[in-house]
Amino acid sequence: MSTHILPGLVDVHVHLRHPGGAHKETIRTGTAAALAGGVTAVLGMPNTQPPITDAGVLDAALAHVATEALCDVGLYLGAADGNAHEVAAAAERACGLKVYLNDTFGQLRIETLAALRPHFEAWPHGRPIVLHAEDLNVATAIGLGRVHGQWVHIAHVSRAEEIRLIAAAKDAGLHVTCEVAPHHLFLSTDDLARLGALGDMRPRLGTPADVAALWAHLDAVDCIATDHAPHTLVEKASPTPPPGVPGLETTLPLLLTAVEDGRLSLERLVELTSTTPAARFGIATPTESTVEVEVGPEWTLPERGWQTKPDWSPFAGTRVRGRVVRTTLRGATVWDEGRLTAAAGTGRVLTFDAAAVAR
Ligand code: DOR
Ligand code: ZN
(Lines give C-alpha, C1' and ligand atoms only; values in the text may rest on other atoms or scores of the structure.)
(Ligands and ions follow the chains in the order given, each with its own letter.)
Protein backbone atom coordinates (compact mmCIF):
# COMPACT_ATOMS: atom_id res chain seq x y z
CA MET A 1 0.00 0.00 0.00
CA SER A 2 1.22 3.53 -0.74
CA THR A 3 -0.15 7.01 -0.21
CA HIS A 4 0.47 10.04 -2.39
CA ILE A 5 -0.40 13.70 -2.14
CA LEU A 6 -1.45 15.01 -5.55
CA PRO A 7 -2.61 18.45 -6.67
CA GLY A 8 -6.41 18.81 -6.43
CA LEU A 9 -8.15 17.77 -9.63
CA VAL A 10 -9.42 20.39 -12.09
CA ASP A 11 -12.50 19.10 -13.91
CA VAL A 12 -13.39 21.22 -16.95
CA HIS A 13 -16.74 19.49 -17.65
CA VAL A 14 -19.36 19.19 -14.92
CA HIS A 15 -23.15 19.67 -14.87
CA LEU A 16 -24.03 21.38 -11.58
CA ARG A 17 -27.68 21.87 -12.70
CA HIS A 18 -28.03 25.39 -11.33
CA PRO A 19 -30.31 27.14 -12.14
CA GLY A 20 -33.44 25.04 -12.42
CA GLY A 21 -32.29 21.48 -11.75
CA ALA A 22 -32.13 21.28 -7.95
CA HIS A 23 -33.92 17.91 -7.88
CA LYS A 24 -30.92 16.42 -9.79
CA GLU A 25 -28.04 18.33 -8.13
CA THR A 26 -27.36 21.61 -6.36
CA ILE A 27 -24.22 23.69 -6.16
CA ARG A 28 -23.84 22.30 -2.65
CA THR A 29 -24.24 18.60 -3.53
CA GLY A 30 -22.30 18.82 -6.79
CA THR A 31 -19.32 20.53 -5.19
CA ALA A 32 -19.48 18.10 -2.23
CA ALA A 33 -19.22 15.27 -4.77
CA ALA A 34 -16.23 17.06 -6.29
CA LEU A 35 -14.38 17.23 -2.95
CA ALA A 36 -15.21 13.58 -2.22
CA GLY A 37 -13.56 12.77 -5.55
CA GLY A 38 -10.47 14.90 -4.87
CA VAL A 39 -11.63 17.60 -7.30
CA THR A 40 -10.97 21.13 -6.04
CA ALA A 41 -12.04 23.12 -9.12
CA VAL A 42 -14.90 22.47 -11.55
CA LEU A 43 -16.17 24.22 -14.66
CA GLY A 44 -19.98 24.07 -14.86
CA MET A 45 -22.00 23.64 -18.05
CA PRO A 46 -24.74 26.05 -19.22
CA ASN A 47 -27.49 23.58 -20.31
CA THR A 48 -29.54 24.59 -17.28
CA GLN A 49 -33.13 25.83 -16.92
CA PRO A 50 -33.03 28.62 -18.04
CA PRO A 51 -29.78 28.04 -19.93
CA ILE A 52 -26.82 30.31 -19.16
CA THR A 53 -27.00 32.20 -22.43
CA ASP A 54 -26.92 35.81 -21.25
CA ALA A 55 -25.08 37.97 -18.74
CA GLY A 56 -28.05 38.18 -16.37
CA VAL A 57 -28.35 34.41 -15.89
CA LEU A 58 -24.55 34.05 -15.67
CA ASP A 59 -24.15 36.73 -13.03
CA ALA A 60 -27.06 35.43 -10.92
CA ALA A 61 -25.65 31.89 -11.08
CA LEU A 62 -22.14 33.11 -10.13
CA ALA A 63 -23.59 35.03 -7.17
CA HIS A 64 -25.29 31.82 -5.99
CA VAL A 65 -22.05 29.86 -6.49
CA ALA A 66 -20.17 32.42 -4.39
CA THR A 67 -22.36 31.69 -1.34
CA GLU A 68 -22.92 27.94 -1.84
CA ALA A 69 -19.90 26.33 -3.46
CA LEU A 70 -17.67 23.98 -1.48
CA CYS A 71 -14.97 23.83 -4.18
CA ASP A 72 -13.83 26.43 -6.71
CA VAL A 73 -16.23 26.89 -9.62
CA GLY A 74 -16.26 28.58 -13.02
CA LEU A 75 -19.28 28.60 -15.35
CA TYR A 76 -19.57 28.43 -19.12
CA LEU A 77 -21.76 30.62 -21.26
CA GLY A 78 -23.90 28.76 -23.82
CA ALA A 79 -24.06 29.55 -27.52
CA ALA A 80 -27.58 30.04 -28.87
CA ASP A 81 -28.82 31.34 -32.21
CA GLY A 82 -28.48 35.12 -31.97
CA ASN A 83 -26.56 35.64 -28.69
CA ALA A 84 -22.98 35.82 -30.06
CA HIS A 85 -22.39 39.49 -29.18
CA GLU A 86 -24.05 39.25 -25.79
CA VAL A 87 -21.98 36.26 -24.65
CA ALA A 88 -18.79 37.72 -26.10
CA ALA A 89 -19.34 40.86 -23.99
CA ALA A 90 -19.60 38.73 -20.81
CA ALA A 91 -16.73 36.39 -21.76
CA GLU A 92 -14.31 37.53 -19.09
CA ARG A 93 -16.66 36.38 -16.31
CA ALA A 94 -17.08 32.91 -17.86
CA CYS A 95 -14.63 30.04 -18.20
CA GLY A 96 -15.46 29.62 -21.88
CA LEU A 97 -18.18 29.32 -24.50
CA LYS A 98 -20.00 25.97 -24.79
CA VAL A 99 -21.44 25.04 -28.15
CA TYR A 100 -23.75 22.03 -28.52
CA LEU A 101 -23.65 20.71 -32.08
CA ASN A 102 -25.03 17.24 -31.30
CA ASP A 103 -27.94 15.60 -29.53
CA THR A 104 -27.80 16.08 -25.78
CA PHE A 105 -29.87 16.80 -22.65
CA GLY A 106 -31.77 20.10 -22.76
CA GLN A 107 -32.72 22.53 -25.50
CA LEU A 108 -29.41 24.33 -26.02
CA ARG A 109 -28.27 23.51 -29.56
CA ILE A 110 -26.71 25.17 -32.61
CA GLU A 111 -28.05 23.61 -35.79
CA THR A 112 -26.84 25.78 -38.65
CA LEU A 113 -23.66 27.40 -39.88
CA ALA A 114 -25.52 30.72 -39.94
CA ALA A 115 -26.07 30.40 -36.16
CA LEU A 116 -22.53 29.19 -35.44
CA ARG A 117 -20.39 31.54 -37.56
CA PRO A 118 -21.17 34.72 -35.53
CA HIS A 119 -19.87 33.02 -32.39
CA PHE A 120 -16.52 32.24 -34.04
CA GLU A 121 -16.36 35.87 -35.21
CA ALA A 122 -17.37 37.58 -31.95
CA TRP A 123 -15.88 35.38 -29.20
CA PRO A 124 -12.62 36.87 -27.82
CA HIS A 125 -9.53 35.18 -29.21
CA GLY A 126 -7.52 33.16 -26.74
CA ARG A 127 -10.58 32.10 -24.72
CA PRO A 128 -11.87 28.55 -25.18
CA ILE A 129 -14.73 27.57 -27.46
CA VAL A 130 -15.72 24.16 -26.08
CA LEU A 131 -17.77 22.03 -28.43
CA HIS A 132 -19.99 19.02 -28.01
CA ALA A 133 -19.03 17.81 -31.48
CA GLU A 134 -19.31 14.21 -32.61
CA ASP A 135 -18.08 12.50 -35.77
CA LEU A 136 -18.19 14.95 -38.73
CA ASN A 137 -18.83 17.83 -36.36
CA VAL A 138 -15.30 17.41 -34.99
CA ALA A 139 -14.10 18.42 -38.46
CA THR A 140 -16.60 21.31 -38.49
CA ALA A 141 -15.23 22.58 -35.18
CA ILE A 142 -11.57 22.24 -36.18
CA GLY A 143 -12.23 23.86 -39.57
CA LEU A 144 -14.07 26.86 -38.13
CA GLY A 145 -11.38 27.30 -35.49
CA ARG A 146 -8.74 27.36 -38.22
CA VAL A 147 -10.63 29.82 -40.41
CA HIS A 148 -11.35 32.24 -37.57
CA GLY A 149 -8.09 31.80 -35.66
CA GLN A 150 -9.96 30.48 -32.62
CA TRP A 151 -8.94 27.89 -30.06
CA VAL A 152 -11.37 24.97 -30.03
CA HIS A 153 -11.63 22.42 -27.25
CA ILE A 154 -13.47 19.21 -28.18
CA ALA A 155 -15.48 17.89 -25.23
CA HIS A 156 -15.82 14.20 -24.33
CA VAL A 157 -14.06 12.64 -27.33
CA SER A 158 -15.34 9.08 -27.61
CA ARG A 159 -14.53 7.59 -31.01
CA ALA A 160 -11.37 6.29 -32.71
CA GLU A 161 -11.95 8.45 -35.80
CA GLU A 162 -12.35 11.55 -33.66
CA ILE A 163 -9.20 11.16 -31.59
CA ARG A 164 -7.19 10.39 -34.75
CA LEU A 165 -8.42 13.61 -36.41
CA ILE A 166 -7.65 15.64 -33.29
CA ALA A 167 -4.15 14.15 -33.09
CA ALA A 168 -3.62 15.05 -36.77
CA ALA A 169 -4.90 18.61 -36.19
CA LYS A 170 -2.46 19.03 -33.31
CA ASP A 171 0.38 17.67 -35.45
CA ALA A 172 -0.57 20.28 -38.05
CA GLY A 173 -0.08 22.98 -35.42
CA LEU A 174 -3.73 23.98 -34.97
CA HIS A 175 -4.93 25.30 -31.61
CA VAL A 176 -7.07 22.31 -30.74
CA THR A 177 -7.36 20.71 -27.30
CA CYS A 178 -9.61 17.93 -26.08
CA GLU A 179 -10.89 15.99 -23.13
CA VAL A 180 -11.95 12.38 -22.61
CA ALA A 181 -14.49 11.22 -20.00
CA PRO A 182 -13.78 8.28 -17.67
CA HIS A 183 -16.92 6.44 -18.84
CA HIS A 184 -15.51 6.41 -22.38
CA LEU A 185 -12.21 5.01 -21.06
CA PHE A 186 -13.63 2.38 -18.70
CA LEU A 187 -16.98 1.33 -20.26
CA SER A 188 -17.98 0.26 -23.77
CA THR A 189 -20.94 -1.05 -25.77
CA ASP A 190 -20.18 -4.39 -24.08
CA ASP A 191 -21.58 -2.89 -20.84
CA LEU A 192 -24.85 -1.60 -22.32
CA ALA A 193 -26.98 -4.68 -21.72
CA ARG A 194 -25.92 -4.79 -18.08
CA LEU A 195 -26.34 -1.05 -17.42
CA GLY A 196 -29.43 -0.19 -19.47
CA ALA A 197 -30.32 3.52 -19.06
CA LEU A 198 -27.57 3.85 -16.43
CA GLY A 199 -25.11 3.38 -19.29
CA ASP A 200 -26.75 5.93 -21.57
CA MET A 201 -25.06 9.27 -22.13
CA ARG A 202 -24.11 11.56 -25.01
CA PRO A 203 -21.82 10.77 -26.70
CA ARG A 204 -22.95 7.16 -26.31
CA LEU A 205 -20.48 4.50 -25.15
CA GLY A 206 -18.05 3.50 -27.87
CA THR A 207 -17.08 0.03 -29.05
CA PRO A 208 -14.15 -1.77 -27.40
CA ALA A 209 -12.11 -0.67 -30.45
CA ASP A 210 -13.01 2.98 -29.73
CA VAL A 211 -11.97 2.55 -26.10
CA ALA A 212 -8.67 1.00 -27.17
CA ALA A 213 -8.04 3.90 -29.57
CA LEU A 214 -8.60 6.47 -26.80
CA TRP A 215 -6.06 4.68 -24.58
CA ALA A 216 -3.63 4.37 -27.50
CA HIS A 217 -3.88 8.12 -28.26
CA LEU A 218 -3.75 9.36 -24.68
CA ASP A 219 -0.78 11.51 -25.70
CA ALA A 220 -3.20 13.58 -27.83
CA VAL A 221 -5.56 14.08 -24.87
CA ASP A 222 -5.22 17.25 -22.79
CA CYS A 223 -7.65 16.55 -19.96
CA ILE A 224 -9.66 13.81 -18.39
CA ALA A 225 -12.98 15.51 -17.53
CA THR A 226 -15.92 13.69 -15.99
CA ASP A 227 -18.94 15.12 -17.83
CA HIS A 228 -20.59 14.53 -14.42
CA ALA A 229 -24.25 14.62 -15.53
CA PRO A 230 -26.57 13.70 -12.65
CA HIS A 231 -30.15 12.53 -13.25
CA THR A 232 -32.34 10.83 -10.65
CA LEU A 233 -32.89 7.07 -10.65
CA VAL A 234 -36.62 7.72 -11.18
CA GLU A 235 -35.82 9.71 -14.33
CA LYS A 236 -33.42 6.99 -15.47
CA ALA A 237 -36.16 4.36 -15.01
CA SER A 238 -38.72 6.35 -17.03
CA PRO A 239 -39.71 5.43 -20.61
CA THR A 240 -37.63 8.39 -21.90
CA PRO A 241 -34.55 8.39 -19.66
CA PRO A 242 -32.36 11.50 -19.95
CA PRO A 243 -28.76 10.82 -21.04
CA GLY A 244 -25.91 11.34 -18.60
CA VAL A 245 -24.08 9.71 -15.68
CA PRO A 246 -22.43 11.03 -12.50
CA GLY A 247 -18.64 10.76 -12.45
CA LEU A 248 -16.96 13.09 -9.96
CA GLU A 249 -16.48 10.54 -7.19
CA THR A 250 -15.29 7.57 -9.24
CA THR A 251 -12.64 9.12 -11.50
CA LEU A 252 -9.66 8.86 -9.15
CA PRO A 253 -10.37 5.28 -8.00
CA LEU A 254 -10.64 4.20 -11.67
CA LEU A 255 -7.54 6.09 -12.82
CA LEU A 256 -5.45 5.01 -9.83
CA THR A 257 -6.41 1.42 -10.65
CA ALA A 258 -5.18 2.03 -14.20
CA VAL A 259 -1.89 3.24 -12.68
CA GLU A 260 -1.71 0.04 -10.61
CA ASP A 261 -2.40 -1.95 -13.79
CA GLY A 262 0.48 -0.21 -15.57
CA ARG A 263 -1.78 1.49 -18.13
CA LEU A 264 -0.90 5.03 -17.00
CA SER A 265 1.87 6.63 -14.97
CA LEU A 266 1.01 8.61 -11.85
CA GLU A 267 2.74 11.62 -13.41
CA ARG A 268 0.51 11.41 -16.50
CA LEU A 269 -2.57 11.01 -14.29
CA VAL A 270 -1.67 14.29 -12.55
CA GLU A 271 -1.11 16.05 -15.88
CA LEU A 272 -4.41 14.84 -17.36
CA THR A 273 -6.56 15.58 -14.32
CA SER A 274 -4.96 18.69 -12.85
CA THR A 275 -1.93 20.51 -14.20
CA THR A 276 -2.77 20.47 -17.92
CA PRO A 277 -6.47 21.46 -17.58
CA ALA A 278 -5.40 24.29 -15.24
CA ALA A 279 -2.72 25.46 -17.66
CA ARG A 280 -4.89 25.16 -20.77
CA PHE A 281 -7.86 27.03 -19.28
CA GLY A 282 -5.75 29.72 -17.58
CA ILE A 283 -6.86 28.74 -14.07
CA ALA A 284 -4.58 29.78 -11.24
CA THR A 285 -4.99 26.87 -8.81
CA PRO A 286 -3.70 27.29 -5.26
CA THR A 287 -0.73 25.03 -4.60
CA GLU A 288 -2.22 24.13 -1.20
CA SER A 289 -5.27 22.47 -2.78
CA THR A 290 -4.42 18.78 -2.69
CA VAL A 291 -5.81 15.27 -2.62
CA GLU A 292 -4.26 12.48 -0.58
CA VAL A 293 -4.82 9.10 -2.19
CA GLU A 294 -4.20 5.55 -1.09
CA VAL A 295 -3.21 2.99 -3.70
CA GLY A 296 -3.10 -0.77 -3.34
CA PRO A 297 -5.94 -2.26 -1.26
CA GLU A 298 -8.80 -3.55 -3.40
CA TRP A 299 -12.36 -2.40 -2.68
CA THR A 300 -15.68 -2.26 -4.51
CA LEU A 301 -17.33 0.95 -5.67
CA PRO A 302 -20.68 0.94 -3.81
CA GLU A 303 -24.25 1.27 -5.06
CA ARG A 304 -25.15 4.04 -2.61
CA GLY A 305 -23.58 6.49 -0.19
CA TRP A 306 -22.31 9.01 -2.78
CA GLN A 307 -22.38 12.77 -2.26
CA THR A 308 -23.96 13.45 -5.66
CA LYS A 309 -27.69 13.98 -5.13
CA PRO A 310 -29.04 11.12 -7.31
CA ASP A 311 -26.74 8.78 -5.35
CA TRP A 312 -25.87 6.19 -7.99
CA SER A 313 -22.91 5.36 -10.21
CA PRO A 314 -22.57 3.42 -13.46
CA PHE A 315 -19.38 2.00 -11.92
CA ALA A 316 -21.04 0.50 -8.82
CA GLY A 317 -19.70 -3.02 -8.33
CA THR A 318 -16.36 -2.30 -10.00
CA ARG A 319 -13.29 -3.55 -8.13
CA VAL A 320 -10.74 -0.74 -7.74
CA ARG A 321 -7.37 -0.27 -6.04
CA GLY A 322 -7.26 3.45 -5.32
CA ARG A 323 -9.23 5.76 -3.07
CA VAL A 324 -9.43 9.36 -1.93
CA VAL A 325 -8.40 9.73 1.70
CA ARG A 326 -8.38 13.49 2.19
CA THR A 327 -8.93 16.64 0.15
CA THR A 328 -7.65 20.10 1.08
CA LEU A 329 -8.70 23.43 -0.39
CA ARG A 330 -6.30 26.34 0.18
CA GLY A 331 -4.80 24.41 3.07
CA ALA A 332 -8.10 23.62 4.85
CA THR A 333 -9.24 19.99 5.10
CA VAL A 334 -12.57 19.81 3.24
CA TRP A 335 -12.98 16.02 2.87
CA ASP A 336 -11.57 13.65 5.47
CA GLU A 337 -11.87 9.84 5.42
CA GLY A 338 -15.39 9.79 3.99
CA ARG A 339 -16.59 12.88 5.86
CA LEU A 340 -17.38 16.29 4.40
CA THR A 341 -15.66 18.91 6.54
CA ALA A 342 -16.09 21.97 4.31
CA ALA A 343 -18.44 24.80 5.23
CA ALA A 344 -20.68 26.41 2.59
CA GLY A 345 -18.84 29.17 0.81
CA THR A 346 -15.37 27.63 1.12
CA GLY A 347 -15.27 27.48 -2.67
CA ARG A 348 -14.50 30.54 -4.77
CA VAL A 349 -15.62 31.78 -8.14
CA LEU A 350 -12.69 31.13 -10.47
CA THR A 351 -11.09 33.84 -12.53
CA PHE A 352 -9.44 33.19 -15.87
CA ASP A 353 -6.27 34.68 -17.20
CA ALA A 354 -6.16 34.55 -21.00
CA ALA A 355 -2.52 35.61 -20.87
CA ALA A 356 -1.72 32.55 -18.76
CA VAL A 357 -3.22 30.02 -21.20
CA ALA A 358 -0.62 27.44 -22.17
CA ARG A 359 -1.00 25.80 -25.58
O1 DOR B 1 -25.01 12.52 -21.49
C2 DOR B 1 -25.00 13.74 -21.43
N3 DOR B 1 -25.67 14.38 -20.45
N4 DOR B 1 -24.35 14.42 -22.36
C5 DOR B 1 -24.43 15.75 -22.45
O6 DOR B 1 -23.83 16.35 -23.31
C7 DOR B 1 -25.28 16.52 -21.49
C8 DOR B 1 -25.46 15.77 -20.25
C9 DOR B 1 -26.52 16.30 -19.33
O10 DOR B 1 -26.60 17.54 -19.18
O11 DOR B 1 -27.22 15.51 -18.73
ZN1 ZN C 1 -21.70 17.48 -20.62
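The values are calculated or read from the model by the stated rules, or taken from the named source; none is laboratory data. No experiment lies behind these values; they were computed from the predicted model shown. FYI the Cβ positions are ideal-geometry reconstructions off the backbone, even for glycines, and counts take in every protein chain you see. Protein only, heavy atoms only, side chains kept; ligands, DNA and RNA dropped before computing areas. Shrake-Rupley method; radii C 1.70, N 1.55, O 1.52, S 1.80 Å.
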Accessible area in square angstrom per residue, the chain, 1.4 angstrom probe: 37
GNM on the chain, C-alpha springs below 10 Å: top fluctuator among V130, V295, V180? V295
Projected label distance in nm at T112 and R146, using a 7 Å step from Cα toward the beta-carbon: 2.6
Over the chain, the quotient of the Cα radius of gyration and 2.2 N^0.38 Å is 0.90
Karplus-derived HN-Hα couplings along the stretch 225-237 (A = 6.51, B = -1.76, C = 1.60, θ = phi - 60°), whole Hz, x at Gly and Pro: 10, 6, 6, 3, 9, x, 9, 6, 5, 4, 4, 5, 8
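Taking square-rooted eigenvalues a ≥ b ≥ c of the alpha carbon gyration tensor, is the stretch 37-155 rounded, prolate or oblate, where a/c under 1.5 means rounded and, failing that, a/b exceeding b/c means prolate? Don't jump to the answer; show the numbers that get you there.
Values: a/c = 1.70, a/b = 1.55, b/c = 1.09.
Prolate is the answer for the stretch 37-155, as a/c is 1.5 or above and a/b outweighs b/c.
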For labels at A212 and R339 in the simple 7 Å Cα→Cβ model, what's the distance in nm? 4.8
Three-way shape call for the stretch 258-320 based on the alpha-carbon gyration tensor, with the a/c threshold at 1.5: oblate
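Given Cβ point charges of +1 (Lys, Arg) and -1 (Asp, Glu) and nothing else, what value in debye, to the nearest 20, does the dipole of the chain about its Cα centre take? Kindly include the intermediate steps, with their values, before the conclusion.
On the way: 29 positive and 40 negative charges, 42 e Å.
Roughly 200 debye for the chain.
What's the longest piece of the chain with no exposed GluC sites (Glu not before Pro), counting a site as exposed if DSSP puts it in a loop and it has at most 14 other beta carbons within 10 Å?
On the way: sites that count: E111, E288, E303, E337.
Free of exposed loop sites, the longest segment is 112-287.
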Largest first and rounded to whole Å, the semi-axes √(5λ) derived from the alpha carbon gyration tensor of the stretch 6-90 read 23, 14, 10
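How much length would be gained if the chain were fully extended between D261 and E92, taking 0.36 nm per residue of separation minus their Cα-Cα distance, in nm to one decimal? Write out the running numbers ahead of the final one.
Numbers: separation 169, 0.36 × 169 = 60.84 nm, distance 4.16 nm.
Value of the extension gain: 56.7 nm.
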